[in-house]
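Note sheet for the following structure.
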Amino acid sequence: MARSLFAALVLSGLLAAPTGSRDPVEADGMLVLGVAGHSPDSRVVSREWAAVANPRSGTTRKRRLDGGTLCHGQLLAVGGNVIFSGYRGRRTVARALPLTLRGPARTLGAADNVTPSSTPGRLWLGRWRRPKSGVRRWSNHPARVTLDEVDAAGRVSARTHTLMPRFAWLHAATAGGFVATEGLWLTLRRPGRDRPQLRVRDGWFAAAGSSSFAWCRGRCRAFHVSSRAGDRPLKPPAGVRPIVAVGAFSPDERRLAVGVTVRGRDQVAVVDLDSRRWIAVPGARLGGYRAIAWSPSGQWLYFTASNTRLLGWRVGAEHAVPLPIAPGGTVMSIATAETGRLQDFPTYR
């Protein structure tokens, strides 16, 4: 029923059918996966690892992470490195591994939150000031946040400050400012300013590019794309319901891939931001942790069909195809990196 309705929406013109060449195009980029698994005698997640996978051959390298690493957010791919969170004493720090996952991890600096910069090859480290004596440690009063922009070697290129609740979550850094969830509010803050530029009650962050970010409100009946040029609402066709907080911008920010629900079935759709047309991705069942990522070229879209199954769709192709990747556990996040030379080395488990 869901599949027939999705097809009917395409045929009626409410959702556009994908068009393009049928000539085969090789999937590009490397997939950086955050993966969690279970110990053989327990149902509790007890193992976490980073995996770097080739979407063409399925070759996958893994590196064990400390338990709880993925609780700090998804793994990032920045400047040819895998970025993840760790601890130095009691302090949370950002760490980097090369895509080969070889050698010791480098510490980039103290960071309660880590997010990519709008400048390629860099990221922002958010560090909250420790509470003063007499202030409850776990209170959510506004606190001074130091934000350092660093490269993959930890060199600081910029620094700014702002006020933000201690339990705020920094989602993205765009050319327009920092996007964060602060309690019930989704905010956009300009560097160096304490008052938010945008403040949306019951707002959900969906995706970010270098110049814009996508969000929705409440029950997520429509997405919004905000940039310095203003706000553009993206209302889906009748019968198509966006999924809260599931989305990814293409590298050129001309397309937005989103999760949608059609009669209870989770699918993937792509919105052309110039024409605002919604394009159905054929055979693109979305499942598991609903992770979505574009390839570096923007010609392929990768996503989870279940906890352990990954699919890829070439823009314009007639069907999404299974990727020959066996992650060995539950894929919790997907990032992509430029294809580099990966030499064989022992797998960490």
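The values are calculated or read from the model by the stated rules, or taken from the named source; none is laboratory data. If you're wondering where the values come from, they're calculated on a predicted model, not measured in any experiment. Cβ placement follows ideal geometry from the backbone for every residue including glycine, while neighbour counts extend to all protein chains displayed. The accessibility values were calculated without ligands, DNA or RNA, using every heavy atom of the protein model including side chains. Shrake-Rupley method; radii C 1.70, N 1.55, O 1.52, S 1.80 Å.
What the table shows:
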read-out	value
Segment 138-167 residues near the modelled Q197 label - backbone nitrogen below 16 Å, point 7 Å along Cα→Cβ	160-163
Rough spin-label spacing in nm, given labels placed 7 Å along Cα→Cβ, for A153 and D252	3.3 nm
log₁₀ of I(q)/I(0) at q = 0.14, 0.25 Å⁻¹ - segment 199-239, Debye sum with one point per alpha carbon	-0.30, -0.87
When the convex hull of its Cα atoms is projected in every direction, mean area for segment 158-294 (nm²)	8.8 nm²
Per residue accessible area of segment 91-206, 1.4 Å probe, in Å²	50 Å²
Length added when fully stretched, R265-C71, from 0.36 nm per residue minus Cα-Cα	67.1 nm
Estimated distance in nm for a label pair at T119 and A229, the labels positioned 7 Å out from Cα along Cα-to-Cβ	2.5 nm
Full-stretch length increase - W185, R64 - with 0.36 nm per residue and alpha-carbon distance subtracted	40.1 nm
Cβ charges +1 (Lys, Arg) and -1 (Asp, Glu), total dipole of segment 234-341, debye	340 debye
Peptide ranges 70-82, 185-197 listed from the most packed, as the mean C-beta count within 10 angstrom indicates	70-82, 185-197
Within segment 227-248, backbone nitrogen closer than 19 Å to the virtual label 7 Å beyond the Cα of R219 toward Cβ	234-246
